[in-house]
Amino acid sequence: MSKLTTYLTTSIPYVNSSPHVGFALELVQADAYARHFRLLGKDVRFQGGTDDNSLKNVRAAEAVGQAVADFVATNGDSFERLGKQLDIFNDEFVRTSRDPRHLPCVHSLWNACAASGDLYRKAYEGFYCVGCEQFYDPSELDDGKCPEHGVALELIREENWFFRLSRYGDRILDLIETEQVQVTPSHRRNEIVALLRRGLTDISVSRSAERARGWGVPVPGSDEVVYVWFDALANYLTGLGHGSDDFNYQRYWAGGDERIHFVGKGISKFHAIYWPAILLSAGLPVPSSIFVHGYLTVDGRKIGKSAGNGIAPDRLIDDYGTPDALRYYLLRHIRSADDGDFSEERLDAAWSGELAGQLGNLVNRVLALLVNTFGGITPEAPDSALVRQASGLYKKVFKAFDTYELHVGLAEIFAYLGEANREFTRQAPWADAKLLLGHVEADEKAAISLRLGATLAEQLHGLAIVARCLLPFLPRAAAELHNKLGLVPPARYDDPLAVSGVRTLSGTVLFPRRKSRLSSISGCK
């Protein structure tokens with residue numbers, strides 16, 4: 001029986017600057033899901049990438065006097081590097097200006113839409129935001145300015161190719177209302193439904209080469225350039241070889257079971273309306289799920305270059321010597337589907353008070369006692385309330401993934417760790433260890449050994465389950481914890497878990513306490 005196939009993507013950011021911590025939120029969310037699905041036994045393909053062909057990138061390159069290709073390559077490198085720094089484990093990273101599969105993929109989509117009669121020429125005048133890469137109707141403006149960026153828009157007059165988006169409104173509305181396309185969370189779904197019910201207007205899908213400075217994917221048989229969103233959305237098929245080598249496209253898209261996109265709320269319309277319409281026009285399957293996260297803010301303001309409050313994630317990773325500090329904060333202390341405020345003070349408190357104070361401290365205390373009293377060999381775990389509580393973590397973590405509440409999953413794990421710490425303190429096994437290593441009668445020594453062994457074994461059994469449940473969230477720390485417990489990280493959640501009789505390793509601290517080195521917020525370039 002074949003495994004369930006799951007194709008999962010992050011959105012592709014503009015490379016008009018180096019990445020800030022706001023984009024790291026989407027990366028770690030998507031990576032946690034990809035790892036979780038693999039642990040469930042699914043056949044997963046996970047893709048990221050960069051959006052290289054926008055006018056926004058061209059303008060940014062001109063502003064610093066650099067060739068567009070060089071500018072895009074440098075910033076694209078920083079986004080690709082960030083994925084590696086955060087332990088993002090994707091199968092493909094598509095950079096739309098340099099991947100040789102991208103042009104044939106875009107042209108394949110374009111030609112299919114043209115064959116459906118959905119592309120036509122039209123003279124157009126409208127207000128355009130380069131930051132959003134979209135036209136706005138005057139009714140959508142905020143005091144005459146872009147509602148997203150708060151800047152004045154450019155009045156553009158051109159004759160372009162247009163796509164008959166209006167033709168697909170009813171079909172997309174039906175797909176979403178019948179949950180053939182699931183938009184999560186529900187309030188983002190409701191926003192999309194409201195847009196669809198108001199009715200759709202056709203959209204421009206090409207730009208003059210002059211306005212695009214000749215940068216981008218050319219329109220087939222024309223000197224114009226494909227509109228960046230038509231170009232960018234196609235990347236989800238580029239990495240599967242559509243239009244060039246369709247093997248992975250057939251496996252994970254045309255014949256796949258799940259097609260999942262992770263996007264920020266500011267681009268949900270493009271993914272839940274424009275993208276399904278293009279796919280329907282081209283006769284291709286639509287996404288099955290779109291997970292929409294909120295914005296990361298600093299002091300209540302969206303993080304971004306224009307706001308001047310960008311925080312470089314690579315600096316934070318270097319400060320802690322591991323990506324798991326930042327991964328933990330973003331996944332535990334930012335609600336998955338909502339806006340959340342970022343603070344380096346709270347990041348430091350999460351590291352010292354939760355990772356080091358709750359998990360790391362418990363691991364160190366248990367392993368030290370085990371080495372001193374049982375030579376590091378884990379005794380048989382009893383059928384205790386703590387063991388049963390730990391065994392229930394799987395169900396709680398799975399539910400958190402099912403409901404797009406990753407913060408709840410981590411909260412459940414740390415709620416268990418809080419109880420484990422309290423039980424460890426209540427039982428005071430260090431007192432039994434002192435007695436056991438002292439001069440006591442044989443019968444008393446056997447009873448003490450049994451009691452102490454049960455206390456340590458239930459803790460180690462629970463920590464083994466915690467380690468397994470942490471694998472999607474904190475892969476590096478979870479692997480190290482497995483190693484300390486004398487275990488090998490499993491390929492699946494349901495692999496047998498055998499802890500008793502295993503030799504553990506003590507020594508290095510899992511989350512070393514650190515002297516706070518908070519530094520000033522550094523802006524993106």
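Derivation of every value follows stated rules applied to the coordinates shown; laboratory data play no part. As the structure is a computational prediction, the values presented were derived from the model and not from experiment. Note: ideal-geometry Cβ built from the backbone for every residue, glycine included; neighbour counts use all protein chains shown.
Separation of segment 423-460 and segment 20-63, taken as the distance between their Cα centroids, equals 50 angstrom.
What's the exposure ranking of Thr6, Thr378, Thr322, going from fewest to most Cβ atoms within 10 Å? Before the final figure, lay out each step's value.
Working: Thr6 23, Thr378 26, Thr322 20.
In order of increasing Cβ crowding within 10 Å: Thr322, Thr6, Thr378.
In the chain, the longest principal axis of the Cα atoms and the axis of helix 186-198 are about 10 degrees apart.
Hey, what number do you get for the chain at 222 nm if only DSSP H runs of n ≥ 4 count, each worth -39500 (n - 2.57), divided across all residues, to the nearest 500?
Working: 19 runs with 223 residues, N = 525.
It lands at -13000 deg cm²/dmol.
Express in nm, to one decimal, how much length is gained between Arg476 and Asp43 on full extension, taking 0.36 nm for each residue of separation and deducting their alpha carbon distance. If you can, show how the numbers build up before the last one.
Details: separation 433, 0.36 × 433 = 155.88 nm, distance 2.20 nm.
Length gained, Arg476 through Asp43: 153.7 nm.
Put simply, the Cα atoms of segment 161-235 extend 41, 22, 18 Å along their principal axes, the longest span coming first. A simple charge model with +1 on the Cβ of Lys and Arg, -1 on the Cβ of Asp and Glu and nothing else charged puts the dipole of segment 5-314 at about 280 debye relative to its Cα centre. Scanning residues 5 or more positions from Val217 or on other chains, those with amide H under 5 Å from its amide H are Val226, with H placed 1.01 Å from N in the peptide plane.
Residues in segment 44-50 carry Karplus couplings, in order, of 10, 10, 10, 10, x, x, 9 Hz; the curve used is 6.51 cos²θ - 1.76 cosθ + 1.60 with θ = phi - 60°, and Gly or Pro positions show x. In plain terms, if you count all Cα to Cα distances in segment 464-518 and split them into 5 Å steps from zero, the share in each step is 4, 18, 28, 21, 14, 7, 4, 3, 1 percent. Amide H to amide H distances under 5 Å link Arg95 with Thr50, where only residues 5 or more positions off or on other chains count and H is placed in the peptide plane.
Just how large is the dipole of the chain about the Cα centre, in debye to the nearest 20, putting +1 at every Lys and Arg Cβ and -1 at every Asp and Glu Cβ? Before the final figure, lay out each step's value.
Numbers: 58 positive and 65 negative charges, 154 e Å.
Here the chain has a charge dipole of around 740 debye.
For semi-axes √(5λ) of the Cα gyration tensor in Å, which listed value, (1) 41, 27, 21; (2) 51, 24, 19; (3) 32, 31, 24, comes from the coordinates shown? So the calculated entry is the one marked (2). Around the amide H of Asp246, modelled in the peptide plane, lies no amide H under 5 Å away from a residue 5 or more places distant or on another chain. Of the trypsin sites (Lys or Arg not before Pro) found in segment 83-120, the ones in coil according to DSSP and having at most 13 other Cβ atoms within 10 Å of their Cβ are Arg98.
GluC sites (Glu not before Pro) within segment 333-416: which are DSSP loop residues with at most 15 other Cβ atoms inside 10 Å?
Details: sites: Glu344, Glu345, Glu354, Glu380, Glu405, Glu412; in loops: Glu380, Glu405.
Answer in residue order: Glu380.
Compared with the dominant Cα axis of the chain, that is its longest principal axis, helix 406-427 is turned about 10°. Roughly what angle does helix 102-115 make with the longest principal axis of the chain, taking Cα atoms, 0 to 90 degrees, to the nearest 10? Approximately 50 degrees, to the nearest ten. When the P(r) of segment 5-314 is calculated, the portion above 27 Å amounts to 40% of the C-alpha pairs. When only alpha carbons are used to place a centre, segment 166-200 and segment 373-417 end up 38 Å from one another.
Note on segment 274-355: dipole from Cβ charges, positive end direction compared against Gly294, Leu330, Ala282; the farthest Cα belongs to Ala282.
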